[in-house]
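S.K.: My questions all concern the structure below.
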Amino acid sequence: MSRRQVSVNRVRSAPDQLLRRLFRVSRPQPEAPPPPGALRIATYNVHKCVGTDNRFDPDRIATVIRELDADVLALQEADRRFGRREGLLDTTALERDTGLRMVPLAMAAGGHGWHGNALLVRNGRMVEAYRLRLPGGEPRGATLVELEMAGGARLRVMTAHLGLLRRHRAQQVAALLERLAEADDTPTLLLGDLNEWRPGQRSSLRALERDFGPVDRGPPTFPSRLPILSLDRILCRPTGLLSGLAAHETPLARIASDHLPLTARLDLATARPEAMAEAA
C-alpha cells in the first residue's frame, strides 16, 4: 500500500471515528452462541413501511422481519397514523412464513396495535393484554402483554414508543414504572423505540435503571444508513437474562426503514427458580 493510499484511508475513516467518539458508539462484538432454548427477541420501528428512499414498501419490511427469525417481535409505527389506523403488513403471510402471530391489541378493525405498537409472538399464548395511555404533548401509548411460552414459561412484555421531548419521555417512563410497580416477579421485557440518545444524567431513561439495569449501553440503530444513535432498546428485569444485543444491519434493513432492528437472546432458564414458581 502506498503512502497516498494510507493517507486517503485515514481521511475516509476520520468522520466515522469522530462520530463514534461524539456518541460513544462501541464497535459490535462477536456474538457468543445462544444458550439452548433461548428466545430470540427483536424490536423494530418500521417507519410506516416507508424506507430511506421514500418508498412505501411493506414487502421489504416483511422480508426484514423474516431475516430476524424472532420468537418475540415488537413493532413501532406498524399502523397508519391517521384515519382508520389500519395495519400495514400482511399478517397472514407473516404467520405462514415465520410462525409469528399478532397479539390482538388494536382498537380498530384491521389494525395491528395500539398507537402503532404491535407485538408478534411465535410458539406462545397470550394470557392477558393491556393498552396503556401515556402522558405527554402528543398521543402516545404502550402495551403490556402476559405470555405463556412453549414449555409453560411465563413472560411479560411491555412495548412502547416514547415521545420526542425529554420531559415527556421522563413522564412516560414514570408511568410505565408505576404500572409495573405491583407486578410479580415474572421476567419482564421492555422493548421499543424509546427515543433517547443522551447518556448519563441527561438521559430521560435513568429511572429505569433500578429495575432494568444500565440503560446507556446499546448498539446504534438510527439512522439506518449510518447508525450513530441508540434510540431503540431491549431491556429486561431481572437483569442477566439477555445476551447478544445487536443491531440487525443487513443491506435491506438499511433501506427498508429509518431504524435498524435491534435483537437479543433471552434465556428464561436462568431466571430465579422461586420467581418462576411464583409466576406459574
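The numbers here are math on the coordinates, done by the rules we state, and not lab data. Source: prediction; values computed, not measured. Cβ coordinates were reconstructed from backbone atoms using ideal geometry, including for glycine residues, and neighbour counts include every protein chain displayed.
S.K.: Please identify the GluC sites (Glu not before Pro) of segment 85-132 that satisfy two criteria: DSSP loop assignment and at most 15 other Cβ atoms within 10 Å. Which are they? Please list the in-between numbers first.
M.R.: Values: sites: E86, E95, E128; in loops: E86.
Those satisfying the criteria are E86.
S.K.: May I pose another question? Kirkwood Rh, Cα Rg: Rg to Rh for segment 35-279?
M.R.: We get a ratio of 0.93 for segment 35-279.
S.K.: Take R125 and A269, extend 7 Å from each Cα along the Cα→Cβ direction, and tell me the distance between the two endpoints in nm.
M.R.: 2.3 nm
S.K.: Also, quick follow-up: Give, in nm to one decimal, the length gained when the segment between R96 and N54 is fully stretched (0.36 nm per residue of separation minus the Cα-Cα distance).
M.R.: Extending this stretch completely gives an extra 12.3 nm.
S.K.: Assuming 0.36 nm per residue, please report the length gained on full extension of the stretch R206 to R133 beyond their Cα-Cα distance.
M.R.: Result for the pair: 24.2 nm of gain on full extension.
S.K.: I've got another one for you. Loop only per DSSP, at most 16 neighbouring Cβ atoms within 10 Å: give me the trypsin sites (Lys or Arg not before Pro) in segment 184-268, ordered by residue number.
M.R.: Passing both the DSSP loop test and the Cβ count: R217, R225.
S.K.: Kindly write out, for segment 132-141 in residue order, the coupling ³J(HN,Hα) from the Karplus curve 6.51 cos²θ - 1.76 cosθ + 1.60 (θ = phi - 60°), rounded to whole Hz, with x marking Gly and Pro.
M.R.: 10, 8, 10, x, x, x, 9, x, 9, x
S.K.: Let me know the shape class of segment 152-280, please: from the alpha-carbon gyration tensor, a ≥ b ≥ c as square roots of the eigenvalues, rounded when a/c is under 1.5, otherwise prolate if a/b is greater than b/c, or oblate.
M.R.: oblate
S.K.: Average the reciprocal distances over every distinct pair of alpha-carbons in segment 49-176, invert the result, and give the Kirkwood radius in Å. Walk me through the numbers before you get to the answer.
M.R.: Numbers: mean 1/r = 0.0650 Å⁻¹.
Every distinct Cα pair counted, the radius reaches 15.4 Å.
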